[in-house]
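J.: Supplied in structure tokens, the structure appears directly below.
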Amino acid sequence: WTMGGKVGSQCGTPLVTPSGVNAMSKLSNGAEFLPGARCLGDLLAEQGYVLHYIGGADSQFGGKKNFYETHGFDRIEGLHDLSEGLAETGALNHWGLQDDETLSRVAARFDELASQDSPFVLATLTLGTHHPKGHVATPCVESPYKESDDPMLAAVHCSDRLIDNLVEHILGSPQAENTLVVVMSDHTAM
């Protein structure tokens, strides 16, 4: 589940909630999310890093926005911040923005942050491989797996292609030598 993966990977502690895995969505806006935990964002913010998050889903889901605000992030953008004018374009799926839309914004933000003098973290979350069937972005509709009995194959193929494009964009940047790219899952199933 989203926040279990984020907290586990960024704070080094399991997230256990008595009322369900996505119960942290019920935190009021601006409420602190695990304020006593020391997470990667806290440590990097203390070292002068600028921290941004861009995700295609609602940033309130699971308490993501509160988590990032509590732990050093300067700018948090999700579906409602990024989707203006996209409802009729096919750029949205059940969870939010299609991955090509999200990752194009991530690439542009990377270029913006890389052109500045401060060290930075740019975190993102894709939605294309979300179960049960995944979400194939428009640029991938001609997937070699489009006729498969398992629609997740086309979704994984698409996500692989789109993430590869982002990594290649970063590696082609003048800042590539000073950039660390980490790709990980927030759900063990995906």
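The values are calculated or read from the model by the stated rules, or taken from the named source; none is laboratory data. Fair warning: this is a prediction, and the values are worked out from it, not measured in the lab. Note that we place each Cβ from the backbone using ideal geometry, even for glycine, and neighbour counts take in every protein chain shown. Just the protein is used for accessible areas: all its heavy atoms, side chains included, with ligands, DNA and RNA removed. Shrake-Rupley method; radii C 1.70, N 1.55, O 1.52, S 1.80 Å.
J.: Expressed as a rounded percentage, what relative contact order does the chain have, with Cα pairs under 8 Å and six or more residues apart?
T.: 21
J.: Taking the Cα centre of region 61-145 as origin and charging only Cβ (+1 Lys, Arg; -1 Asp, Glu), how large is the dipole, in debye to the nearest 20?
T.: My answer is approximately 360 debye.
J.: Taking region 100-178, which GluC sites (Glu not before Pro) meet the DSSP loop condition and have no more than 10 other C-beta atoms within 10 Å? Each step should come with its number before you reach the end.
T.: Values: sites: Glu101, Glu112, Glu142, Glu147, Glu168, Glu177; in loops: Glu142, Glu147.
Within region 100-178, the qualifying GluC sites (Glu not before Pro) (loop, at most 10 other Cβ atoms within 10 Å) are Glu142, Glu147.
J.: Now a separate question. Please give the charge dipole size of the chain, origin at the Cα centre, charges +1 on K and R Cβ atoms and -1 on D and E Cβ atoms. Round to the nearest 20 debye. Write out the running numbers ahead of the final one.
T.: On the way: 11 positive and 25 negative charges, 127 e Å.
Rounded to the nearest 20 debye, it is 620 debye.
J.: With all protein chains present, how much of the accessible area of the chain (probe radius 1.4 Å) comes from carbon and sulfur, to the nearest whole percent?
T.: Details: 5350 of 10320 Å².
In the chain, the share of accessible area belonging to carbon and sulfur is 52 percent.
J.: Leaving out ligands and nucleic acids, note down the accessible area per residue over the chain with a 1.4 angstrom probe, in whole Å².
T.: Here the per-residue accessible area is 54 Å².
J.: Compute the distance from the alpha-carbon center of region 116-151 to that of region 31-67, in whole Å.
T.: The distance from the Cα centre of region 116-151 to that of region 31-67 comes to 22 Å.
J.: Among Gly36, Ile163, Val141, which residue has its Cα furthest toward the positive end of the charge dipole of the chain, with +1 on Lys/Arg Cβ and -1 on Asp/Glu Cβ?
T.: Comparing the listed Cα positions along the dipole, Gly36 ranks first.
J.: Would you please give the residues with an amide H less than 5 Å from that of Phe120, counting only those at least 5 places away or on a separate chain, with H modeled from the backbone geometry?
T.: Under 5 Å from the amide H of Phe120: Val50.
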